[in-house]
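Worksheet: one structure, shown below.
The values are calculated or read from the model by the stated rules, or taken from the named source; none is laboratory data. This one's a predicted model, so the numbers in the text were calculated from it and none came from an experiment. Every residue, glycine as well, gets a Cβ built from its backbone with ideal geometry; the counts of neighbours run over all protein chains shown.
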Amino acid sequence: MTERFPSPFEVETPEGCEGWEDLYPYYYVFSEDRREFEESKFWFFDSMHHPEVLYPFDTITSESWWVALGEMNSRVFIVPPALGIDQRVINGRLYISANAIMDEEVVGARVAHFMERAGYYYEHWDELYAQWKDKVSDTVERLKALEVPSLPEMEDLQTVRSGRGLTSAYDLLVAYDRAIENMHEVWHLHFEFLNLGYAAYLTFFGFCKELFPDIPDQAIAQLVAGIDVLLYRPDEELRKLAKSAVELGVADSFRVGRSPDEILEELAKSAPGKEWCAELEAVKDPWFYFSTGSGFYHHHKTWIDDLTFPFEGIRGYVEKLVAGASIDRPLEAVQAERDRITAEYAALLEGDDLKNFEQQLALARTVFPFIEDHNFYVEHWHHAVFWNKMREFGQIFVDNGFFEEVDDMFFLHRFEVRAALYDLISSWGVGTPARGPAYWPPEVARRKVLLSKLAEWSPIPGLGEPPEVVTEPFTIMLWGITTDSIQNWLGVEGEESEHAVTGLAGSPGVVEGRARVILSADQLSEIQDGEILVCPITNPSWGPVFSRIAGAVTDIGGMMSHASIVCREYQVAAVVGTGFGTTRLETGQMLRVNGSEGWVDIID
Amino acid sequence: MPILWFEECEDANRVGGKAAGLARLLHAGVDVPPGFAVTVDVFRALLDDGLGTSLSRVLGSVETRDTEALEAVSGEARRLVEQARVLPSVRDAVHREYAELCRRAGVGEDELPVAVRSSATAEDLPDASFAGQQDTYLWVIGADAVLEHIRRCWSSLYTARAIGYRLDRGYGHEGVLMSVCVQKMVDARSAGVTFTLNPINGDRSKVAIESSWGLGESVVSGEVTPDNFLVDKVTFDIVRKEISNKVFELRPDPTARTVLRHEIPSERARAPSLSDDEILTLTRLARAVEDHHGYPQDLEWAIEESPDGDSVVFLLQSRPETVWSGRPRPPVSAAGVSTMDYIVAHLVRGVRVRDAKEHRIM
């Protein structure tokens, strides 16, 4: 019996969703033109980054990483066996597929180039990374500073007096192009080191498994992971703010059930309150540019747009402080533990084994800060700025009758938005009505209905034939695509599992608690202390949640996904990559979660 | 003194490897059931008193190839040992120390069940695996029975197998003396062995525990397939658990005043014989003992459960592991391979997901 997933060409269009393909570019969907090629590959649903239906505009993020990731593998660093990760949309969802080079001779020929290019980066890593941080900060600052001009009734007199010769309409189009370019730029930066970082880490990981068969995956991660990771900073800042609130004597304002506006209003009335507010303002940039989602969607709220989430975190910390508990992360203990296990494993080695272990460990530790931190710079800081910058264009459209709401713009693909802008500026220049105000509102309304219907379709986890070997580093590391996950998705039970849900052991411990199934970040406020969080994937900004839950169960993710890393950090038991956690478990069920062995049972 | 309590034992040449090992454990603060060693001086005195001459005569001409002759010689030698005259001072010493052991255990005079185990002087050296060549007697009660079993331990130096083993390796019979340990029995709820490395591949980062219900002899003798646990020595993660069907156990029967074999009902037979906490306690213990000796260990332990449910872990013995520790450890790394080479090799190899020939997921 051959186990297989359906072909992409066997997937049916849900009722009422005919014509969904028109929302996306021609190159972004499966077609008869490439059928043979497309059917020969294995595609899996990228629920980690794009768990929801893709808004046409938002595909700029997926399309950008499509290009940049591929280039770094195939054209820049010449990763010997791997090209890029291909993408297609089906029923509004993103499916991805790693491209491997099958010809051994070609692979062999690429090795020397890889060694030279990757070798250069490994050798100069620290210096290049420092330079990278300046580059990415500059990219974000330029985006922030980008002016989005409105179209005035009359061009400013200065335009004439300065002999400028160009206009607001020209500037508007240029600003749009600059913003789009900026997104492409930041995604190149995102991948500049990432595949090399993953390659070094995966190599060290594999080497440890050879040296110490049966070493827990978590132990290897612990040897390498950083202590002071950028993704934890926003949560650290919340803790500092909580402490400050207590010290300033304004802790009382953070009572349950109060909105951020109510709290800020009250604080503004007192001197210590104002002092606290000033501290808050100082912290916001960049630490509140933190998405409650993956950052890939325009509608995922960020802390800077909506203070509800961070204030809820502060309130929780204040409550603990007032009760006399500590809210400090035990950094010294974490460092000491890392040093201990490093020394003890090393003590079991000698000769070449010890030398290689130390060298590879050193490299893995060198590359890990980029692996951990790049996500904050790009998907959080940059994208939070980007979505709001794009809303400035949306506002201009609204002002000119193209859309009813600012966010309607995101129902157009970026190529369509540019066309709409041209429609707008030509009408401004020409003095006759643009077609947009008649054309777009009904089309946007149609698309809203279409997308909400597509959202009801349950994505099949995989399409096509699973490969024999996966060589593309991202696919292995990040998505955790391994034998086990594929088997899990197929529903193949090699050994009959007596457990309700199985997955990877993401973070050790055995806990019991009531399940809370969360499908989007908006639902996070429903979580009660001591519950077991069940979700497709966690996000780094959910930090404050982790100090309240007893355990976590995710649908997707490997050892190095955020769910695993953050849960280990907060000592929350976690089972990740279950495939079916959110469909098999229900809110309110009493669960036993074994994060050391990777299973979940329903005990009530 | 011909008899030394474990805490007084030091010299393996006098008290045997087993007792000396127990002494070291005690000094390291490990819980060991109390007891004493009947030193080699006692056996030597017996040999000097004429037994030695008789034995030499019997053993002089035997060859290993002739199994029938070997058996006959063994039988004669053992009879000589078990019937040799025991000096009154020795009998008195055994009675006195056993009575003291009863008192220390808080048990009625002459009532304490003990294990009587051989502790040969060549036995526990790292480079010779004499283990199992001599005997162990469980659940012995009363000073007279203790003395009888001490003599049987001495006589087990002359089983056909033991004689043959020494002959094949060129060890003389005269050099082998024996000490005997008399030790309070642990009424084990669970018992077994622990290796401070993975016996399957020699990996020293792991602790391997085999355990079953009841007394550990069923595990040591191989009669029961025990539960098997593998623990990472550094992180204390329990990386593997294989629970077996433990069909019988050895438990003391107070009425029969001996150890009996009981069949275990299937629900309990398939239940883990150790809790996770106990697994970790055994791991910590194994680490401590290994660190103390500076050498991989093969430990025997037993868990006794008190009426109020607390469990106490006792170490019964610890000896140097002999299979992997003596071998040279081949390195995993090839010489002269750089980190970049490793990265390339790893990338090219990838992760195997499917077996194309058999059309199945691997």
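For the residues B:D227, B:D232, B:D187, the requirement of being under 16 Å from B:L315 (Cα atoms) and among the acidic types (D, E) singles out B:D187. You will find that of A:L151, A:L166, A:L172, A:L189, the residue that is in contact with a Ser or Thr (Cβ under 7 Å, 6 or more places away or on another chain) and farther than 30 Å from A:L83 by Cα is A:L151 and no other. Among the residues of segment B:240-289, just one is within 13 Å of chain A (Cβ to nearest Cβ), surrounded by fewer than 20 Cβ atoms within 10 Å (Cβ to Cβ), of a type in the set (A, V, I, L, M) and not in a loop (DSSP other than H, G, I, E, B), namely B:L280. Within segment B:290-307, the only residue that satisfies the criterion of being within 14 Å of chain A (Cβ to nearest Cβ) and hydroxyl-bearing (S, T, Y) is B:Y295.
Scanning segment A:444-474 for residues being more than 14 Å from chain B (Cβ to nearest Cβ) and β-branched (V, I, T) gives a total of 3. Can you find a residue that is more than 26 Å from the chain's Cα centre (by Cα) and of a type in the set (V, I, T) anywhere in segment B:94-103? The answer is no; no qualifying residue exists.
State yes or no: is A:L264 more than 14 Å from every other protein chain (Cβ to nearest Cβ), surrounded by fewer than 21 Cβ atoms within 10 Å (Cβ to Cβ), touching a Cys at 6+ places or on another chain (Cβ under 8 Å) and more than 30 Å from A:G429 (Cβ to Cβ)? Considered against the rule, which asks whether it is more than 14 Å from every other protein chain (Cβ to nearest Cβ), surrounded by fewer than 21 Cβ atoms within 10 Å (Cβ to Cβ), touching a Cys at 6+ places or on another chain (Cβ under 8 Å) and more than 30 Å from A:G429 (Cβ to Cβ), A:L264 comes out as yes. Scanning segment A:104-158 for residues that are under 30 Å from A:D399 (Cα atoms), without any contact (Cβ under 8 Å) to a residue 40 or more places away in the chain and exposed (fewer than 15 other Cβ atoms within 10 Å of the Cβ) yields A:E141, A:A145, A:E147, A:P152, A:E153, A:M154, A:E155, A:D156, A:L157, A:Q158. Helices (runs of 4 or more DSSP H) fully within segment B:40-97 that include at least 1 residues being in contact with a strand residue (DSSP E or B) (Cβ under 8 Å, 6 or more places away or on another chain) and closer than 24 Å to B:A12 by Cβ: B:40-46. Within segment A:233-260, the residues that satisfy the criterion of being without any contact (Cβ under 8 Å) to a residue 24 or more places away in the chain, in a helix (DSSP H, G or I) and under 14 Å from A:R315 (Cβ atoms) are A:D252, A:S253.
Among residues of segment A:428-438 being without any contact (Cβ under 8 Å) to a residue 12 or more places away in the chain and at negative phi, the one that is farthest from the other protein chains (Cβ to nearest Cβ) is A:T432. Would you call B:V32 in contact (Cβ under 8 Å) with a residue 12 or more places away in the chain and β-branched (V, I, T)? Yes: the conditions hold for B:V32. When A:G226, A:G197 are screened for being under 12 Å from A:F370 (Cβ atoms), in contact (Cβ under 8 Å) with a residue 24 or more places away in the chain and in a helix (DSSP H, G or I), only A:G197 passes.
Just to be sure before I move on: is A:T578 more than 12 Å from A:G513 (Cβ to Cβ) and free of Cβ contacts under 8 Å to residues at least 60 places away in the same chain in the structure I sent? It is false that A:T578 is more than 12 Å from A:G513 (Cβ to Cβ) and free of Cβ contacts under 8 Å to residues at least 60 places away in the same chain. Residues of segment A:538-563 that are crowded, with 22+ Cβ neighbours inside 10 Å, at pLDDT 75 or above and in contact with a strand residue (DSSP E or B) (Cβ under 8 Å, 6 or more places away or on another chain): A:T538, A:N539, A:S541, A:V545, A:I549, A:G551, A:A552, A:V553, A:T554, A:D555, A:I556.
For (1) at pLDDT 75 or above; (2) of a type in the set (S, T, N, Q), each residue gets a yes or a no:
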position: A:I460; (1), (2): yes, no
position: A:W479; (1), (2): no, no
position: A:E496; (1), (2): no, no
position: A:T502; (1), (2): yes, yes
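Only residues that are of a type in the set (F, W, Y) and either touching a Leu at 6+ places or on another chain (Cβ under 6 Å) or free of Cβ contacts under 8 Å to residues at least 24 places away in the same chain (or both) were counted in segment A:326-346, giving 0.
Residue by residue through segment B:308-335, note down the ones that are assigned to a loop (DSSP other than H, G, I, E, B), at pLDDT below 85 and more than 7 Å from every other protein chain (Cβ to nearest Cβ). Across segment B:308-335, the qualifying residues are B:D308, B:G309, B:D310, B:T322, B:V323, B:S325, B:G326, B:R327, B:P328, B:R329, B:P330, B:A334. With the structure loaded, tell me whether B:S325 is surrounded by 14 or more Cβ atoms within 10 Å (Cβ to Cβ), hydroxyl-bearing (S, T, Y) and out of contact with any helix residue (DSSP H, G or I) (no Cβ under 9 Å at 6 or more places or on another chain) or whether it fails that test. Answer is yes for this residue.
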